[in-house]
Amino acid sequence: MPDAPALPTLATERLILPPLSLDDAPAIQRIFAQWEVVRYLADQVPWPYPPDGARTYVEQVALPAMRRGVQWHWSLRTRAEPDRLIGIISLMQDDPGNNRGFWLDPQFHRRGYMTEASEAVTAYWFDVLDQPVLQAPKAVANEGSRRLSQRTGMRLVATEERGFVSGRQQAEVWEITRDEWRMQRRGHSAGAAKPD
Ligand SMILES: CC(C)(COP(=O)(O)OP(=O)(O)OC[C@H]1O[C@@H](n2cnc3c(N)ncnc32)[C@H](O)[C@@H]1OP(=O)(O)O)[C@@H](O)C(=O)NCCC(=O)NCCS
């Protein structure tokens, strides 16, 4: 089967999101291997993180899945510092109930960056990949991630126990359909077009 077409670089008001590449592995290794980043990620993430964890993941998991056209991964960079990777955001079609994942360098938390990146990537899921629904699991304790889902119009559809790097705990599955997403976007642009 021929490889999937190359991913485009996405851009938002403050960020650029080039597709993941093997050159990103050293920065991922440096930033990702922190408790604050991994504690609420699924327990498939090895912990303690091995010294070659990022390279192995990028080379043997993420890039092959991108070539097969079942996963899509981008790095996050600010427009101000485009050479500095500050996080990763991913879409997955091959993991039912887990279609989007993300993490950000703790130095850059709480500035709205992941809200901005997830808007761009979710638009790609619905408008380019033409998927009918996006689901994302998260630990109940992961306030930032839950808040992001709430603020971007997702609905809570399930509560269940799951394994995370920090142990088994309550998790929630959040969802938004393509129709809900499009309706919400129309609402936003109608609002934006209204005179004050
Ligand atoms: C989850 C994560 C990506 C959020 O990124 P971020 O750029 O800091 O998020 P944003 O700044 O866009 O914030 C989104 C909302 O969550 C809130 N928020 C963010 N971090 C929070 C925290 N630690 N506690 C409470 N609320 C938080 C923000 O105030 C914002 O709410 P608002 O829109 O009402 O103001 C980041 O915390 C992270 O990388 N965590 C570690 C990895 C991880 O857990 N990934 C998700 C797995 S499901």
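The values are calculated or read from the model by the stated rules, or taken from the named source; none is laboratory data. Please read these numbers as outputs of a predicted model, since none were measured by experiment. Don't worry about glycine lacking a Cβ; one is built from the backbone with ideal geometry, like all the others, and counts go over all protein chains shown.
Before moving on, here are some points about what is shown:
- Among the residues of segment 146-167, those that are closer than 16 Å to residue 35 by Cα and either surrounded by fewer than 16 Cβ atoms within 10 Å (Cβ to Cβ) or not hydrophobic (A, V, I, L, M, F, W, C) (or both) comprise 163, 166, 167.
- Near pairs, Cβ below 7 angstrom, 6+ apart or cross-chain, from segment 164-178 (closer than 11 Å to residue 41 by Cα) to any residue that is of a type in the set (Ser, Thr, Tyr) and buried (at least 18 other Cβ atoms within 10 Å of the Cβ): 164/40; 166/40
- Any chance residue 70 is in contact with a Leu (Cβ under 6 Å, 6 or more places away or on another chain) and β-branched (Val, Ile, Thr): no
Yes or no, residue by residue, for (1) under 28 Å from residue 140 (Cα atoms); (2) within 16 Å of the ligand (Cβ to nearest atom); (3) among the β-branched types (Val, Ile, Thr):
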position: 14; (1), (2), (3): no, yes, no
position: 50; (1), (2), (3): yes, no, no
position: 61; (1), (2), (3): yes, no, yes
position: 68; (1), (2), (3): no, no, no
position: 74; (1), (2), (3): yes, yes, no
position: 80; (1), (2), (3): no, yes, no
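- Test: residue in segment 121-134 that is within 16 Å of the ligand (Cβ to nearest atom), closer than 23 Å to residue 169 by Cα and surrounded by 14 or more Cβ atoms within 10 Å (Cβ to Cβ): yes
- Pair list, Cβ under 6 Å, 6 or more apart: segment 100-117 residue in contact (Cβ under 8 Å) with a residue 24 or more places away in the chain and under 20 Å from residue 136 (Cα atoms), other residue more than 6 Å from the ligand (Cβ to nearest atom) and of a type in the set (S, T, N, Q): 101/90; 116/12
- Residue 56 vs. criteria out of contact with any strand residue (DSSP E or B) (no Cβ under 9 Å at 6 or more places or on another chain) and near the ligand (Cβ under 10 Å from one of its atoms): no
- All positions within segment 64-85 that are over 26 Å from residue 175 (Cα atoms) and hydrophobic (A, V, I, L, M, F, W, C): 80, 85
- The strands (runs of 3 or more DSSP E) falling completely within segment 92-196 that include 2 or more residues that are under 24 Å from residue 69 (Cβ atoms), modelled with pLDDT of 95 or more and of a type in the set (A, V, I, L, M, F, W, C) map to 100-104, 133-139.
- Matching residues in segment 17-48 - criterion: being away from the ligand (no atom under 13 Å from the Cβ), of a type in the set (Asp, Glu) and within 17 Å of the chain's Cα centre (by Cα): 24
- Condition broken by residue 90, with the remaining ones in (1) over 15 Å from the mean Cα position of the chain (by Cα); (2) within 14 Å of the ligand (Cβ to nearest atom); (3) closer than 23 Å to residue 181 by Cα satisfied: (1)
- In the condition set (1) touching a strand residue (DSSP E or B) at 6+ places or on another chain (Cβ under 7 Å); (2) not in a loop (DSSP other than H, G, I, E, B), residue 7 is compliant with all but (2).
- Counted as qualifying within segment 32-88 are the helices (runs of 4 or more DSSP H) with 2 or more residues that are surrounded by 14 or more Cβ atoms within 10 Å (Cβ to Cβ) and of a type outside the set (Val, Ile, Thr), namely 53-57, 63-68.
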